[in-house]
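Below is one structure; the comments refer to it alone.
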Amino acid sequence: METTILRGGRVIDPAAGTEVVADVVVRDGRVAAVSPVPVLEPEATVVDVTGLVVGPGFVDLHSHVHSVAGQRLQAFDGVTTNLDLEAGLMPVERAYAEAAAAGRVLNYGYSASWAEARGQVLAGVEPTSRFDGSLELLGNPAWQRDSSATELAAWLALLEGELAAGALGIGVLLGYAPRSDPGEYLAVARLAAAAGVPTYTHVRDLVEVDPTTPIDGSREVTIAAAETGAAMHHCHVNSTSRRHVDRVLATLDDARAAGAPVTVEAYPYGTGSTGVGAFFLAPDRLRAAGLAPSNIVLLGTGERIADERRLEEVRALDPAATCLVEFLDERAEADRELLRRALAFPDTIVASDAMPIEWPDRRADTREWPLPAGATTHPRTAGTFARSLRLMVREHALWDWPEAFRRCSHLPARVLDGVAPAMRAKGFLAPGADADLVVLDPAAITDHATAADPVRPSGGVRHLLVGGTFVIKDGQLDVTAYPGRAVRAEPR
Ligand SMILES: [Zn+2]
C-alpha cells in the first residue's frame with residue numbers, strides 16, 4: 001500500500017474553518033490522516049511542504065474545458081474537478097464515454113443540456129456531445145421560440161433521459177433564448193425538483209437592462225426556487241448583472257433568507273466570452289445594454305468589431321466564433337470594486353466559465369506541454385482561481401485561507417451532494433476525504449493569463465493531487481498523469 005505524506009504544511013479544512021500545521025497522510029486515493037504530530041512511516045514518500053498552504057482542490061462548477069490541454073491549465077489554477085453544468089453536454093452518455101476513452105487529468109462531469117434538448121425538438125438539430133456544437137446552435141434562432149405543449153413534453157422527456165443517464169442536473173442557457181415563455185422555465189424547475197437535482201442558469205436580461213423582458217432574469221431564479229423547491233444555481237452573477245450587481249445580490253439574499261435553495265457563482269473578470277451569434281450580442285440588444293460593437297473582440301483573429309454592420313456580418317458568417325465581450329471597464333476602480341463585491345457576497349462560489357482553447361489551425365486539444373504557441377481563449381480559463389485568491393486573500397484581505405477554500409472547494413462540492421453522493425468526499429480536508437489536494441505558496445499565488453497571453457498558467461501551485469496521484473509536483477506537470485474520474489449522478 002503506497003503512502004504519501006505531505007509534511008508540515010498549513011493545512012486548511014474549510015468544512016471546519018480551521019488552519020493547523022500538520023502532516024497530511026494520503027493512501028489509496030484518500031486522506032488517511034491529518035496529524036499535528038509528525039507521522040513516521042519509513043516506507044512512505046515524504047514531501048516537505050513547510051510554509052505552504054494545503055487544502056482540498058478546487059471544484060469548478062462552470063468549465064467548458066473538455067480537453068487535456070485545458071484541464072492542465074486549470075490544474076495550475078488549483079482545480080481538481082471541472083464540471084460543465086451551465087451549458088451541459090448532450091447526449092451525456094457519449095460525452096462521458098469520449099472523455100473516459102481520451103483520458104482526463106482532472107475529475108469531470110456534465111449536466112443535461114436544456115439548449116440541446118430544445119434544439120433537437122424545436123429546430124431538428126442533432127446534439128453532438130460537444131461544446132462547439134452548442135455554440136453553433138445558440139446562434140440559430142429556430143430553437144429560441146416558445147414550445148407547444150407537445151414540444152415541451154418532448155424536450156422535458158429528453159432531459160429526464162439525460163438525468164437517468166447520469167447528468168448532474170439541468171444546465172439552462174436561458175439568456176440565449178430570453179423571449180421564451182417563463183412557464184417553460186418553471187416546468188424545468190419542477191422536473192428538477194421531482195428528480196432531486198439542481199439547475200444551473202445563465203439568466204435572461206434584468207428589467208433594468210431590458211424593460212420588455214418577459215420576467216427579470218435574476219428574480220425568475222428565486223421565484224422558481226421558492227415555487228418548486230428545486231435547488232437553483234445562478235451562474236456568473238458578475239457578467240449578467242454588470243453594474244446592477246448589488247440589486248441582484250440583494251434579490252438573491254432575500255430569497256435565501258426566505259428559505260429558497262439558491263446558490264450563486266462569480267468570476268473575477270470584467271470581460272465575458274461566448275459565441276458571437278448569441279442573442280444578447282445582436283446590435284439592438286447590445287445598444288440596450290449600453291455596450292458598443294467595439295466592446296467585442298473576435299478571439300481567433302483578434303479583430304475588434306468596428307460597427308453594427310460588421311457585427312451583423314460576422315454573426316451571419318460564423319455565429320459560433322468565440323469572442324470577448326467587455327461588459328465592465330477593468331481599468332476603472334469602481335468596476336473592479338463591483339467584481340470584488342460579487343465575490344465577497346456571502347457564500348458566492350468561485351467558478352471560472354473556462355472556455356475551449358483554440359489554435360490558429362483550428363486544433364482544439366494537444367498533449368504537448370508546455371502548450372504550443374498561438375493558442376486563444378479567455379484568460380479566465382487559466383486564471384480565475386489564482387486571480388480570486390490574489391485579489392481576495394493577498395491584496396484586499398477580504399478572505400482568510402479557510403474562507404477562500406470554502407468558496408473555491410467546499411461550497412461548490414456541496415451543490416452536488418444530493419445528485420452525486422460521491423461528491424460528499426470532496427471539498428474538505430480530514431480523514432476519509434478524497435485526496436484531491438492543492439498545495440500552494442500563499443505569497444506567490446497569482447494569475448498570469450492576460451488577453452494578450454491567455455494560456456499562461458497561473459503561478460504558485462507547487463503540488464496538485466487528483467485521487468492521490470500527483471498531476472503537478474514541485475511546480476512541474478507530470479505529462480503521464482491522467483487520474484481524472486467521472487463525476488456522475490447516482491441512480492436512485
Ligand atoms: Zn454563461
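Tell me the residue from 166, 161, 171 that is within 28 Å of residue 412 (Cα to Cα) and within 16 Å of the ligand (Cβ to nearest atom), please. Write out each step before concluding.
On the way: 166 fails: within 16 Å of the ligand (Cβ to nearest atom); 161 fails: within 16 Å of the ligand (Cβ to nearest atom).
None of the other options fit; the residue is 171.
Take the residues in the range 77-99 that are surrounded by 24 or more Cβ atoms within 10 Å (Cβ to Cβ) and more than 16 Å from the ligand (Cβ to nearest atom); name whichever of them is farthest from residue 441 (Cα to Cα).
90
Mind listing whichever residues of the range 209-244 are of a type in the set (A, V, I, L, M, F, W, C) and either surrounded by fewer than 22 Cβ atoms within 10 Å (Cβ to Cβ) or over 18 Å from residue 344 (Cα atoms) (or both)? Write out each step before concluding.
Taking the range 209-244 first, the residues of a type in the set (A, V, I, L, M, F, W, C) are 209, 215, 221, 223-226, 230-232, 235, 237.
Across the range 209-244, the qualifying residues are 209, 215, 221, 223, 224, 225, 226, 230, 231, 232.
Taking the range 272-284 as the region of interest, how many residues are outside any loop (DSSP other than H, G, I, E, B), away from the ligand (no atom under 14 Å from the Cβ) and in contact (Cβ under 8 Å) with a residue 24 or more places away in the chain?
Looking only at that region, the number is 1.
Given 140, 107, which one is of a type in the set (S, T, N, Q) and under 16 Å from the mean Cα position of the chain (by Cα)?
107
Step by step: first the residues of the range 222-250, then only those that are among the hydroxyl-bearing types (Ser, Thr, Tyr) and within 16 Å of the ligand (Cβ to nearest atom), then the one that is nearest to residue 189 (Cα to Cα). Which residue is that? If you could, list the steps in order and put the result at the bottom.
Kept after step one, since they are among the hydroxyl-bearing types (Ser, Thr, Tyr), are these residues of the range 222-250: 222, 228, 239-241.
Filter once more, so that each one left must be within 16 Å of the ligand (Cβ to nearest atom): 239-241.
Numbers: 239: 23, 240: 20, 241: 22 Å.
Residue satisfying both the conditions and the ranking: 240.
Under 7 Å between Cβ atoms, at least 6 apart or on separate chains: pull out the pairs that start in the range 457-474 with a residue that is on the phi < 0 side of the Ramachandran plot and end on any residue that is of a type in the set (Ser, Thr, Tyr) and assigned to a strand (DSSP E or B).
Pairs found: 458/446; 459/446; 464/80; 466/80.
Please specify each residue of the range 428-482 satisfying the condition of being in a loop (DSSP other than H, G, I, E, B), in contact with a Leu (Cβ under 9 Å, 6 or more places away or on another chain) and of a type in the set (Ser, Thr, Tyr).
Answer for the range 428-482, where residues must be in a loop (DSSP other than H, G, I, E, B), in contact with a Leu (Cβ under 9 Å, 6 or more places away or on another chain) and of a type in the set (Ser, Thr, Tyr): just 458.
Regarding the range 358-368, can at least one residue be identified that is buried (at least 16 other Cβ atoms within 10 Å of the Cβ) and closer than 17 Å to residue 106 by Cα?
yes
Here is a list: 136, 151. Which entry is assigned by TED's automatic domain parsing to the domain that holds residue 273, over 11 Å from residue 118 (Cβ atoms) and not hydrophobic (A, V, I, L, M, F, W, C)? Give the steps one after another, and end with the answer.
On the way: 151 fails: over 11 Å from residue 118 (Cβ atoms).
One residue alone meets the criteria, 136.
Return yes when residue 432 is surrounded by fewer than 23 Cβ atoms within 10 Å (Cβ to Cβ), at positive phi and more than 19 Å from the chain's Cα centre (by Cα) and no when it is not. Outline the logic, then answer.
Details: surrounded by fewer than 23 Cβ atoms within 10 Å (Cβ to Cβ): yes; at positive phi: yes; more than 19 Å from the chain's Cα centre (by Cα): yes.
For residue 432, the condition - surrounded by fewer than 23 Cβ atoms within 10 Å (Cβ to Cβ), at positive phi and more than 19 Å from the chain's Cα centre (by Cα) - is met.
Anything in the range 348-387 that is farther than 15 Å from residue 456 by Cβ and either among the β-branched types (Val, Ile, Thr) or in contact with a Leu (Cβ under 6 Å, 6 or more places away or on another chain) (or both)? List them, or say none.
348, 349, 350, 351, 366
Provide a single number: the residues in the range 251-271 that are away from the ligand (no atom under 15 Å from the Cβ) and in contact with a strand residue (DSSP E or B) (Cβ under 6 Å, 6 or more places away or on another chain).
The total comes to 5.
Quick one: what pairs do we get from the range 34-56, first residue surrounded by 13 or more Cβ atoms within 10 Å (Cβ to Cβ), second outside any strand (DSSP E or B) and of a type in the set (Ser, Thr, Tyr), C-beta under 6 Å, 6+ apart or different chains?
From the range 34-56, the pairs are 56/409.
The values are calculated or read from the model by the stated rules, or taken from the named source; none is laboratory data. Quick caveat, the model's predicted, so the values are computed rather than measured. Here Cβ is always computed from backbone atoms with ideal geometry, including for glycine, and neighbour counts include all displayed protein chains.
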